[in-house]
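The block underneath contains the structure these notes are about, expressed in structure tokens.
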Amino acid sequence: LTDGSWALVTSEQADELELSDERRWLYLHGVRRVGVGGSAVGFTQVWVADDLEPYLPLVDAGKAESIFAQLSSAADLLILRIEQEIYSTALGEEAARSLGAPEGSPALVVVRRYHAEGFGCFEVARTTHPADRFRYSLTLVNAATSTLSAQPS
């Protein structure tokens, strides 16, 4: 991710991202790729709580490990929950340009909010994917019948 700059969230962003508009957030954005130098699959925007500014130099956007995982490890944060929301939209100008896709074409947005013990929300990430570059897979297991949930005796 590139182009980091400190900014107060706008009231529109605060509403959409469920953030306090009184807190300062570092805004980063960039293109998510398949592997190093691979094809572009999404335009990612990340807001990081300003309390974590001292740990940002330890984050390497080139790593496969996510920003939230690197930040939580560096700051010794215990993750309590991650909220995820997926919705459809039309590809905006900046994302379309960054991804080489037609503006206004169908897209899916994934928003994740990361919460840590004693800290609250410390990061919000929003990735916009052109519809033809998004795939979501989920496996649900019946706990009553699965051996995956069985504890060794």
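The values are calculated or read from the model by the stated rules, or taken from the named source; none is laboratory data. Everything numeric in this text was worked out from a predicted model, so none of it was measured. No Cβ is skipped: glycine too gets one built from the backbone with ideal geometry, and neighbour counts run over all protein chains shown. Accessible surface areas use protein heavy atoms only, side chains included; no ligands, DNA or RNA. Shrake-Rupley method; radii C 1.70, N 1.55, O 1.52, S 1.80 Å.
Under 5 Å between amide hydrogens, built in the peptide plane, is the criterion, and for residue 32 it picks out 41, 42, 43, 44 among residues at least 5 positions away or on other chains. Neighbours of residue 114, meaning other residues whose beta-carbon lies under 11 angstrom from its beta-carbon, give a summed charge of +1 when Lys and Arg score +1 and Asp and Glu score -1. When the Cα convex hull of the stretch 23-86 is projected onto planes of every orientation, the mean area is 5.1 nm².
Applied to the stretch 48-63, the Karplus parametrisation 6.51 cos²θ - 1.76 cosθ + 1.60 on θ = phi - 60° returns per-residue 3J(HN,Hα) values of 10, 4, 4, 4, 9, 3, x, 8, 4, x, 7, 8, 10, 5, x, 6 Hz, with x for Gly and Pro.
Distances between placed amide hydrogens fall under 5 Å for residue 120 paired with no residue 5 or more residues away or on another chain.
Recomputing P(r) over Cα pairs in 10 Å bins from 0, in percent from the coordinates shown identifies the correct label among (1) 10, 34, 34, 16, 5, 0; (2) 12, 43, 37, 8, 0; (3) 10, 28, 28, 22, 10, 2 as (1). With protein chains left intact and a 1.4 Å probe, residues in the chain average 61 Å² of accessible area per residue.
Estimated at 0.36 nm per residue, the fully extended path between residue 53 and residue 145 surpasses their Cα-Cα distance by 28.5 nm. Here the accessible area is traced with a 1.4 Å probe on the protein chains. For the chain, carbon and sulfur cover 50 percent of it.
Between the amide H of residue 24 and those of 50, distances stay under 5 Å, these residues lying 5 or more places away or on another chain, with hydrogens modeled in the peptide plane. Mean-square fluctuations from a GNM of the chain, with a 10 angstrom spring cutoff on Cα atoms, peak among 116, 40, 64 at 64.
Pull out the extension gain between residue 131 and residue 65, defined as 0.36 nm times the separation in residues minus the alpha carbon to alpha carbon distance; nm, one decimal. Please report the intermediate quantities before stating the final value.
Working: separation 66, 0.36 × 66 = 23.76 nm, distance 2.42 nm.
Result for the pair: 21.3 nm of gain on full extension.
Each Lys and Arg adds +1 at its Cβ and each Asp and Glu adds -1 at its Cβ; summed about the Cα centre, the chain shows a dipole of about 700 debye. With the helix formula -39500 (n - 2.57) applied to DSSP H stretches of n ≥ 4, the chain reaches a computed 222 nm mean residue ellipticity of -3500 deg cm²/dmol.
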